[in-house]
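K.L.:
I have a structure I would like to understand better, so I am pasting it below and will then ask my questions one at a time.
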Amino acid sequence: MNRVATRRVRFTRRDALKLLSAGGAVGAGAAVGGAGLVHARERDVANECRLCTMHCGFIGTVRGDDVVAVRGDVDSNTKGFLCQHGLSIPEIVHNRARVRRPLVRAADETAFAEAEWERALDVAAQKLLAVKDKYGPEAIAVQTGWPFVRHPMIHLLHRFCRALGTPNLATVASLCEASARMGKGLVWGANYSPDMAKVRTLAVWGSNPMRSYPPWLSLVAQVKKRGKLIIIDPTRTELADQADEYLQVIPGTDATLALGMLRHVIENDLYDKALVAEHALGFEELRAQALPYTPDVVAKTCGVQPGQVTRVAEWLATVGPPGVWEGLGIEHHGAGVDTVRLVSSLVALCGGAAAQSFHDRKAPDGAPLPLLLPVDQQEPAPPAPDKRPVGFDEYALFCSIHRQAQASVLPRAMLEGKPYPVRALVLFGCNPVVTTPDAAAVKRAYQSLDALVVVDPFLTESGEYADVVLPAATFAEQPPLRFGKPKDQEPSDPPVGAVVEPQARARPDARILAELAERLGIGQYFPWTDIQAAFAVKRGAVVDEWAAERLRAAPERPAGARYPTASGKLELSSTLLPRFGLPSLPVVVEPPAPTAEHPLRLVTGPRQRAYINSQLHKVGAITRLLPEAQCELHPDAARAAGVAHGERVAVVTPMGRAVFRASLTTTVRVDVVVVPHGWDGDSNANLLTSETGLDPISGFPRLRALICRVEKASVTS
Ligand code: SF4
């Protein structure tokens, strides 16, 4: 008989046998109470929280088979920090909502039936092979988020797709992180972030680190002591109260604001002239582009004061090395990559180079640019697929850099067969019904598929459309990857490893992948059943010519050039984008103007304090903090719409309708409504968004520059 996954701490017969087998040397640690409760011997195990990119080290305390507590590991990179999400790990591991056994949809398609692993894997493989035989391997797509996989697993999923012959791996890069990386890489040739030890003027632009990077906050406080802190956000975030200047910008107007600051810096001779003279390309073109963006024009478009534009520009250029911590708030618009390029150009012209830490800046002359993210493969690497990924026709730069499909247009390939049919999907730890624009279309697409296989610890809304659901272990049930463990393990330290065994019948994701691969006839590429063994094997960077050909350095690029761009210069005007049929100068796309039918502006997606995107919505310790999705709106806007605080309201856009609990607050602009993402059912923010109007460079969805109206939930839209 199988173990029960959600068993809480209690004394069992097996515990008694364990204690007895310990020779009775249990002593006071195993007192038997009158009610039969026994404190089994506890042990500590070190691991890494993988709920977000901070990867905080933690120590789990295990009693019997249960994780009973976690605490931050003071010897880890994050020095003992653990947020409320990390503290909920015991409840994640032992959650009653976990998928406990593989599920296979019944023949009449009405319900799931539990199945043994062998059968579930066989059914999944048969369905995928049937699609491959009928439509070709490119008709199979694989998509992943970040919950329990993260980047090392993405390499294995790349390998899986290559071995299968499909180019269609889609990841969280389709709507997170990648757009900023592309924008900064296009200007500087490399990704970077502000070096918080050096920056003296910091603009936090469209980001709320209080919620997305909590351990980073102490560094912000240090910058504030040294120089200036500027917050630019449509919502008065917690940090705004500590800022030297807060710009409550109209959502989607960030490019205009950046151009206004560039104009002020350039026309007042505040820019780094040596940089421009020796190392920059396109300065005069950018200057001409910025010229019309006077403080008054910018103030009117962006909803800020003219003096704020000039003051912040001067601080960035004169107080000390500047840095900008930009977030998705400036990327989920009609032209997010170009907005990042403008912000990046502003940082450069204000002398910011000395205060940035660069990532992946290592392109030898003539090699593909570092923009091309390495896809490391264990040797031998499978051959490259014949077809290009879905999205390549419109977003070739994105697809080339990442060797991925653009997830926002995958549903179109499923529904319309464009550019070719996608008939099967394997989801590894992601919930696209909730995270992809136009949720209604995503649901229709999933209903239309020949095969949907879902690998996840929980049954998600996407999983409800699946043919097969395979229960995955969480990170706490596997040894950590620990690529960044900062110190040697001392004998007295807790052992590093899986805190507990996989619960119920869950299996680690890497093992599931290997078992699927075996059945799909590509097992020779997956001789390992765990990710540690896979990453112990020698790997080499795989460069596909189709992806690299348009990213190579220009023949005239000087040897030893300072910037690893195609020209070797800081590219204020891109030499790379025209190779993809895109304009060399940044394009400004203003947000749609409110109308009589939709009089308010809508921002979807800022992270809530309680949740991490679509994760943790089944974890009681977290859902108790915020049981319902809340829509934030200004009291004046609520009055105009005839709704009250705490009332159920419908937010209606040209795309659809979603329902939230009204939360009236003066922290949002009077003309802006803010709704969270990550909720399923009728509170799914992507019922309000569209697959049209994607960023022309990255294909990122336009999630934060929409128009809407608010009405009582009882009113039919
Ligand atoms: S969720 Fe919290 S504890 Fe986990 S890695 Fe992120 S910041 Fe650290």
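Read-outs throughout are calculated quantities, based only on the coordinates presented, and are distinct from any laboratory measurement. Because the structure is predicted, anything quoted here is derived from the model rather than measured. We place every Cβ from the backbone using ideal geometry, glycine too, and count neighbours over all the protein chains shown.
K.L.:
Quick check: pseudo-label points 7 Å beyond the Cα along Cα→Cβ at Lys300 and Ala69, how many nm apart are they?
P.N.:
In this crude spin-label approximation the distance works out to 6.3 nm.
K.L.:
Using only Cα atoms, what is the ratio of the radius of gyration of the chain to 2.2 N^0.38 Å?
P.N.:
Cα-based Rg divided by the globular estimate yields 0.98.
K.L.:
Using modelled amide H (1.01 Å from N, peptide plane; none on Pro or chain starts), what sits under 5 Å from the amide H of Lys712, excluding residues fewer than 5 places away?
P.N.:
Ala650
K.L.:
Please order Thr235, Thr692, Thr436 by the number of other Cβ within 10 Å, starting at the fewest.
P.N.:
In increasing order of surrounding Cβ atoms, one gets Thr692, Thr235, Thr436.
K.L.:
OK, next. I need the shape label for the range 600-712. Rule: rounded when a/c is under 1.5, else prolate if a/b > b/c, else oblate, with a, b, c from the alpha carbon gyration tensor.
P.N.:
oblate
K.L.:
Still on this structure: Tell me the net charge near Val62. Cut-off is 11 Å between Cβ atoms, Val62 excluded, with +1 for each Lys or Arg and -1 for each Asp or Glu.
P.N.:
So the surrounding residues net to -2.
K.L.:
So what are the ³J(HN,Hα) numbers for the range 62-67, from phi and the Karplus equation (6.51, -1.76, 1.60; θ = phi - 60°), rounded to whole Hz, Gly and Pro as x?
P.N.:
Residue by residue, the range 62-67 yields 10, 10, x, 9, 10, 7 Hz.
K.L.:
Cross-link list Lys134/Lys387; Lys127/Lys418; Lys273/Lys300; Lys132/Lys538: which exceed 24 angstrom alpha carbon to alpha carbon?
P.N.:
With Cα atoms farther than 24 Å apart: Lys273/Lys300; Lys132/Lys538.
K.L.:
Then there is this: At 222 nm, what value in deg cm²/dmol follows for the chain if DSSP H runs of at least 4 each add -39500 (n - 2.57) and the sum is divided by all its residues, to the nearest 500?
P.N.:
-8000 deg cm²/dmol
K.L.:
By the gyration tensor of its Cα atoms, with a ≥ b ≥ c the square roots of the eigenvalues, what is the shape of the range 325-474: rounded for a/c under 1.5, prolate for a/b over b/c, or oblate?
P.N.:
Taking the square roots of the gyration eigenvalues as a ≥ b ≥ c, the range 325-474 is prolate.
K.L.:
For the range 527-683, what class follows from the C-alpha gyration tensor (a ≥ b ≥ c being the square roots of its eigenvalues): rounded when a/c is under 1.5, otherwise prolate if a/b is larger than b/c, else oblate?
P.N.:
Cα axes put the range 527-683 in the oblate bin.
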